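Enquirer: Quick one: the structure is below, questions incoming.
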Amino acid sequence: MRTSFHPHLVNDPFGDPALYVDFLFQKRALLFDLGDIRALPPKKLLRISHVFVSHAHMDHFMGFDWLLRICLGRDRAMHLFGPPGFLGQVEHKLAAYTWNLVHNYDTDFTLHVTEIEPGVRRQRATFRCLSAFQREGDTEIEPPSEVLVDEDGFLVRTSLLDHRTPCLAFAL
């Protein structure tokens, strides 16, 4: 049986963590962790539909700003998943910028962000470009499960680890 994925590390094994998983025969990809992703050309970054962040240490999350920069002005949505505290961390990163010119965009790049505490709770909020990335639509998802995404052709599960901070492990 042939695989439908083509995974590769964005950086060498000692660089910032980021695993790019390209879907063969489709124009989409997944990203596991958001370390330094500048080695990925914009064409590849724009294929990403889902991002899974294990924890928000700098070496796992610093690529968020670059990904955001490449996606601004695009009419698309992206799903991000992270550990407890993740919604606030994304919200604070977005609040660090001035968004007074977003009305000039014809498109509404949207982030659907889910914070996961396996077996306890899962909370989701949306951040839209044309709303200056203000947090909207907080919802709690019940019941929480280890399955994060179950779409045609792939499934992603998670489990909570301890890394002196809550840390998620992912299985594709």
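The values are calculated or read from the model by the stated rules, or taken from the named source; none is laboratory data. Being a predicted model, the structure only gives us computed values, none of them experimental. So basically every Cβ, Gly included, is an ideal-geometry build from the backbone, and we count neighbours across all protein chains shown. Just so you know, the surface numbers come from the protein's heavy atoms only, side chains and all, with ligands and any DNA or RNA stripped out. Shrake-Rupley method; radii C 1.70, N 1.55, O 1.52, S 1.80 Å.
Enquirer: Return yes when Arg74 is of a type in the set (D, E, K, R) and either at pLDDT below 95 or in a loop (DSSP other than H, G, I, E, B) (or both) and no when it is not.
Expert: Spelling it out, Arg74 is indeed of a type in the set (D, E, K, R) and either at pLDDT below 95 or in a loop (DSSP other than H, G, I, E, B) (or both).
Enquirer: Kindly provide the set of residues from the range 124-172 that are in a strand (DSSP E or B), among the hydroxyl-bearing types (Ser, Thr, Tyr) and open to solvent by less than 50 Å² (accessible area, probe 1.4 Å), ordered by number. Break it down into steps so the answer makes sense when it comes.
Expert: Here is the first cut: in the range 124-172, the residues in a strand (DSSP E or B) are 124-128, 135-140, 147-151, 154-162, 166-171.
Pick out the ones that are also among the hydroxyl-bearing types (Ser, Thr, Tyr) and you get 126, 139, 158-159.
Matches in the range 124-172: Thr126, Thr158.
Enquirer: Could you list all residues from the range 28-47 that are assigned to a loop (DSSP other than H, G, I, E, B) and either of a type in the set (Phe, Trp, Tyr) or closer than 22 Å to Phe14 by Cα (or both)?
Expert: Asp33, Leu34, Gly35, Asp36, Ile37, Arg38, Ala39, Leu40, Pro41
Enquirer: Can you pull out every residue in the range 33-61 that is touching a residue at least 40 places away in the same chain (Cβ under 8 Å) and open to solvent by less than 30 Å² (accessible area, probe 1.4 Å)?
Expert: His50, Phe52, Val53, Ser54, His55, His60
Enquirer: Scan Arg157, Arg135 and give me the residue that is out of contact with any helix residue (DSSP H, G or I) (no Cβ under 8 Å at 6 or more places or on another chain) and basic (Lys, Arg).
Expert: Arg157
Enquirer: Now for a different question. Please find, within the range 94-114, the residue that is surrounded by the most Cβ atoms within 10 Å (Cβ to Cβ) out of those that are of a type in the set (Val, Ile, Thr) and farther than 23 Å from Phe52 by Cβ.
Expert: Among those that are of a type in the set (Val, Ile, Thr) and farther than 23 Å from Phe52 by Cβ, it is Val102.
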